[in-house]
Amino acid sequence: MNRKETAKQVVETTIAKRKAKVKQDKILKSLLIYLYVKNKLSATEIAGQWGFDPCWILRLLDKYGIPSRTRAESVGVKTANRMYRNKKWLKRMYCKYKFNSVEIGKAAGCNGSMVRKWLNKYGIKRKEGLVTKIRRWLRK
């Protein structure tokens, strides 16, 4: 009798542990979805909050089938926010409203050199900056 009770307890304990593990996995998966997908935290940020290794977080994302973000998404560049590629918008901001390339870059979520690249690509004549004006004046 004693061995049967012990075996029964072992089985019940094992089943309880497995149920707890499944429940723990569901909680962990929902937490990762909340932090990674909804709050857009990186694996490194999540790992820092909880004191884990970022590689472990990435493995969990893979294990639970949570799609990882592309490099562009993780940096914050959204494809919908590439306004600087729109010729009409870029010309209006640069020529009509007289914003410089750095200001346009901040509004569009990129840097000034990217804006200057697209200004050149579209053939929009660039303004002379103050430094260029001073250099020309000194050459005279």
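Identify which of the listed values of volume of the Cα convex hull per residue in Å³ was calculated from the structure shown: (i) 179; (ii) 154; (iii) 110. Computed from the coordinates, volume of the Cα convex hull per residue in Å³ corresponds to (ii). Taking each DSSP H run with n ≥ 4 as -39500 (n - 2.57) and averaging over every residue of the chain yields -19000 deg cm²/dmol at 222 nm. Result for the chain in a Gaussian network model with C-alpha springs under 10 Å: among Thr14, Thr70, Thr44, the largest mean-square fluctuation is at Thr14. Can you pick out the pairs among Lys96/Lys133; Lys96/Lys125; Lys88/Lys121; Lys117/Lys140 whose Cα atoms lie more than 18 Å from each other? Flagged as over cut-off: Lys96/Lys133; Lys117/Lys140. Taking packing as the residue-averaged number of other Cβ atoms within 10 angstrom, the listed peptides 45-52, 108-115 run from highest to lowest as 108-115, 45-52.
Quick note: the coordinates plus some simple rules give every number you see, no bench work behind them. Keep in mind the model is a prediction, meaning the values are calculated, not measured. Ideal geometry is used to build each Cβ from the backbone, glycine not excepted, and the neighbour counts take in all protein chains shown.
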